[in-house]
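Just below is one structure, and these are the notes that go with it.
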Amino acid sequence: QVQLVESGGGLVQAGGSLRLSCAASGTTFSINSINTMGWYRQAPGKQRELVARITSNGSTNYADSVKGRFTISRDKAKNTVYLQMNSLKAEDTAVYFCNVVVITTTVSGYWGQGTQVTVSS
């Protein structure tokens, strides 16, 4: 099993920046089998949506709404994924969840507890 702990959320003004971190822990086998790490967010009354993800080979994917403003990166040595969020907008306000996909003989997904990001206008 993989455990995820997010940090870095907080309150910022529109136009500001935050960097979220998500540290993964668990068995060596599970950690070594992480294929994808990503960030999702869920605003009140809205469906959880993919924000950004990065694969083990470094390929990235971003939601159109954040492309050009957010950058996802991964430090494999630290088993940590980051989300650098710049030019934040009020509509970025949400709980941000870290997600990892582990591929062994099966495909499993794991979620962090979430970290609140609030952007004030």
For the stretch 39-88, run through the trypsin sites (Lys or Arg not before Pro) and keep only the ones in DSSP coil with at most 12 other Cβ atoms within 10 Å of their Cβ.
-> 46
Residue by residue, what Karplus-based ³J(HN,Hα) values in Hz, rounded to whole numbers, does the stretch 13-19 have, using 6.51, -1.76 and 1.60 with θ = phi - 60° and x for Gly and Pro?
-> 7, 3, x, x, 9, 9, 10
What 222 nm value per residue comes from the helices of the chain, counting each DSSP H run with n ≥ 4 as -39,500 (n - 2.57) and dividing by all residues, nearest 500 deg cm²/dmol?
-> -1000 deg cm²/dmol
Applying 1/(1 + (r/R0)^6) with R0 = 22 Å to the Cβ-Cβ distance of residue 32 and residue 84, what FRET efficiency is obtained, to the nearest 0.05?
-> 0.30
Report the charge-dipole magnitude of the chain in Debye, nearest 20, computed about the Cα centre from +1 at each Lys and Arg Cβ and -1 at each Asp and Glu Cβ.
-> 120
Mean separation of Cα pairs under 8 Å and 6+ residues apart, divided by the residue count of the chain: what relative contact order is that in percent?
-> 36
Pair residue 5, residue 61: separation of 7 Å Cα→Cβ label points (nm) = 3.0
Of the listed peptides 9-21, 27-39, what is their order by residue-averaged count of other C-beta atoms within 10 Å, with the highest listed first?
-> 27-39, 9-21
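Among all lysine pairs in the stretch 1-105 that are eight or more places apart or on different chains, how many have alpha carbons less than 29 angstrom apart?
Counting lysine pairs in the stretch 1-105 gives 5.
Bear in mind these aren't lab numbers, they're just calculated from the coordinates by the rules spelled out. Please read all numbers here as calculations on a predicted model, not as lab measurements. When we count neighbours, we look across all protein chains shown, and the Cβ atoms used for this are built from the backbone with ideal geometry, even at glycine.
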